[in-house]
Every structure is written in C-alpha cells, then in structure tokens.
Amino acid sequence: MDKSLVKGHAATFGANVMWGLMAPVAKLVMAAGIVSPLLMGGFRMAGAAILFWIASLFVPRQHVPFADLLRLAGAAMLGIVFNQGCYLFGVSLSSPGEASVITTTMPLWVMLLAALILKEPVTLRKIGGIVIGGAGALILVMSNTGSSGSESGSSPVAGDLLVLTAQLSYALYLTFYRNFIRKYSVITLMKWMFAFATVAVAPFVIPEALSTDWNLVTPVMSAGVAYVVVGGTFLAYILVMTGQQILRPTLIGMYNYVQPIVASAIGIAMGLDSFTPLKALAVVLVFGGVFLVNISKAAPSPATPENN
C-alpha cells in the first residue's frame, strides 16, 4: 500500500479513536449539570482556535486570499458549527441510544453525496461495505445502550432530526470541500475554520459562560474539558484533516464506525461491560466494511490519482 494511504488510514483511525474516547469523558464532565452542552461546544471551538493559532506560529505562513477565507467560513459552518451544534442539542432533546443509531447513517449520506457531487461510482462493494460496517456498529451501539438508551428526551423527534442534520452537515462538508482543503496545510485550514466557528457561536456561549458558577467546577471536570479541547478537538482534527487530504470522503465516513468500538472497549476496561462473541463479530464486521469500501472503485482525482 502507498505510504500516503497508510498515513491517511492511520490518521483517520486515530482521530476516531480520540472521538470515541471523548464521548464518555464529555458525558462525565456534563453529568453534574454545571458545564452545559452549549458551553462544552464553546470550549471545543474557542480552545481549539487558540491552539491552532499558536501552532501556526511554528509553521510556514500561508497567505489565504479573501475568496478562500469565505470558503473556509462556509467549511467551518458545515464541518464544525452545524455538525457539533446540532449534535449536542440533538442529544440533549433525544435519547443517547437513538442519537448513536442515527450517527451510523453518516457514511451512507457521504456515499450518496459523493456520487452526486464528486461523481464517485456507487458500487456493490461500497454498498456492501457500508451495510456490513453499519451492522457491526449497530450491534455495538445497541449492546452499549442498555436501559438508559431507551429513555426518551424532552423532544425526541426534534432531537433525532437535529442529530440527523449534524450527520448531513458533516457529509456535505466532506464532499463539497474535498478538493479545496488540499490547497493549504492542516494548521492553516484549522486555524481559520475554528476562528470562524468561534465567532459564530460566541453570542450564544458568552451569556452561558457568564451565568455558570465556576466555583463548582472540580479538578476532574477541568481535566475532562482539557482532554475534549486538546485531544478530542485539536489533535483529532489535525489527524482527520490529514486523512481528508488523502482518502476519499466515503472512506473517511466509514471510520465513523470505529467510535462505538472504542466506547465499548472503554466500558469493558472499566468493568462496566463485558466482552462477548457478539461484540467480537461486530468488530470484524466494522473493519470488514471499511476494507470493502477501501478496495471499491472511486472517481479519479486529478490531484492525487494514485490515492484512488
């Protein structure tokens, strides 16, 4: 396999592992009700923006024309603001179980949009890979949901629609900006995207931050927020953007299925869950699905035809 492809797969896998770890950490932080989902989202965007701008001081500077800044603003809305915002509010209105199931549809939307926008062929291997990987992810999601997953939120229909909107938003971002993001380095892309995202959510987050009693925030909660910002956002986005510059959108979407595997592994490690043959089968299905999508036919890319 080409070295750049290995790099793309490793980076995308690493990002989804970090996101899988972030889910239980963020849930632990927000469980006390002191740090709200909105505030957590604000922490992610503003914290990552600061870190990316600091990182940009240590890499070669790239000039970004005004027209491309507008494109980056649009990418920030789809890939960060709408994706993260709709998901966080959707989970708060719906049940975690339903939200987890809906997130498994993201690779399907990426495949359909890539076919419409990028003219990627929809092959039997690709469809089979998405179905097989999705089945494995659903097995893990449903086995991890338990009784708490059946609890309905205050507005489950609206919540489910918001979670679905989050998946569609990210799928649109992956397809619309696939070729554009190859023009700049990861640091340049991320410093501008997170800056635009922070400005967009600031009017909503600042009042929430001013009304929060920060004296109630414990060291454990602070450490959890630090991981969400540094690991689950800053490092994870560096990795996923590296993968996006190399791999096809459909394949990037397939790695979404790694997250429930990580969540299940954490539960087993903490003694909150147990390893079963069914979970082993689910893991095999997920990676089998990723393999099928990886070897499926793709539309040629003029920038890096060898990667497709």
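The values are calculated or read from the model by the stated rules, or taken from the named source; none is laboratory data. Everything numeric here is computed off the predicted structure, so don't read it as measured data. Neighbour counts run over all protein chains shown; Cβ positions are idealised from the backbone, glycine included. Only protein heavy atoms, including side chains, enter the accessible area calculation; ligands, DNA and RNA are left aside. Shrake-Rupley method; radii C 1.70, N 1.55, O 1.52, S 1.80 Å.
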Name the helices (runs of 4 or more DSSP H) wholly inside segment 1-110 in which the number of residues that are polar (S, T, N, Q) and within 21 Å of Y255 (Cβ to Cβ) is 1 or more. 3-30, 83-93, 96-103
If I ask for residues that are open to solvent by 60 Å² or more (accessible area, probe 1.4 Å) and of a type in the set (A, V, I, L, M, F, W, C), which ones from segment 169-195 would you list? F176, W192
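From the list G74, G42, which one is surrounded by fewer than 18 Cβ atoms within 10 Å (Cβ to Cβ) and within 22 Å of the chain's Cα centre (by Cα)? First the steps, then the outcome.
Details: G42 fails: surrounded by fewer than 18 Cβ atoms within 10 Å (Cβ to Cβ).
Of the residues listed, the single one that is surrounded by fewer than 18 Cβ atoms within 10 Å (Cβ to Cβ) and within 22 Å of the chain's Cα centre (by Cα) is G74.
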Just to be sure I understand, how many residues within segment 45-68 are in contact with a helix residue (DSSP H, G or I) (Cβ under 7 Å, 6 or more places away or on another chain) and open to solvent by 30 Å² or more (accessible area, probe 1.4 Å)? 5
Could you say whether any residue in segment 1-11 is of a type in the set (A, V, I, L, M) and buried (at least 17 other Cβ atoms within 10 Å of the Cβ)? yes
Scan (1) in a helix (DSSP H, G or I); (2) open to solvent by less than 50 Å² (accessible area, probe 1.4 Å); (3) modelled with pLDDT under 85; (4) in contact with a Gly (Cβ under 8 Å, 6 or more places away or on another chain) for the single condition A166 breaks and write down its number. (3)
Within segment 210-239, count every residue that is farther than 18 Å from M193 by Cβ, aliphatic (A, V, I, L, M) and open to solvent by less than 30 Å² (accessible area, probe 1.4 Å). 2
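Answer with yes or no whether T276 is modelled with pLDDT of 80 or more, among the polar types (S, T, N, Q) and open to solvent by less than 60 Å² (accessible area, probe 1.4 Å).
On the way: modelled with pLDDT of 80 or more: no; among the polar types (S, T, N, Q): yes; open to solvent by less than 60 Å² (accessible area, probe 1.4 Å): yes.
For T276, the condition - modelled with pLDDT of 80 or more, among the polar types (S, T, N, Q) and open to solvent by less than 60 Å² (accessible area, probe 1.4 Å) - is not met.
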Pairing a residue in segment 65-81 that is under 16 Å from M241 (Cβ atoms) with any residue that is open to solvent by 50 Å² or more (accessible area, probe 1.4 Å) and at pLDDT 95 or above, where Cβ atoms lie under 8 Å and the two sit 6 or more apart in sequence or on different chains, gives L72/W192; L72/F196; A76/W192; A76/F196
What residue, among those in segment 12-37 that are open to solvent by 30 Å² or more (accessible area, probe 1.4 Å), of a type outside the set (G, A, S) and more than 17 Å from the chain's Cα centre (by Cα), is modelled with the highest pLDDT? I34
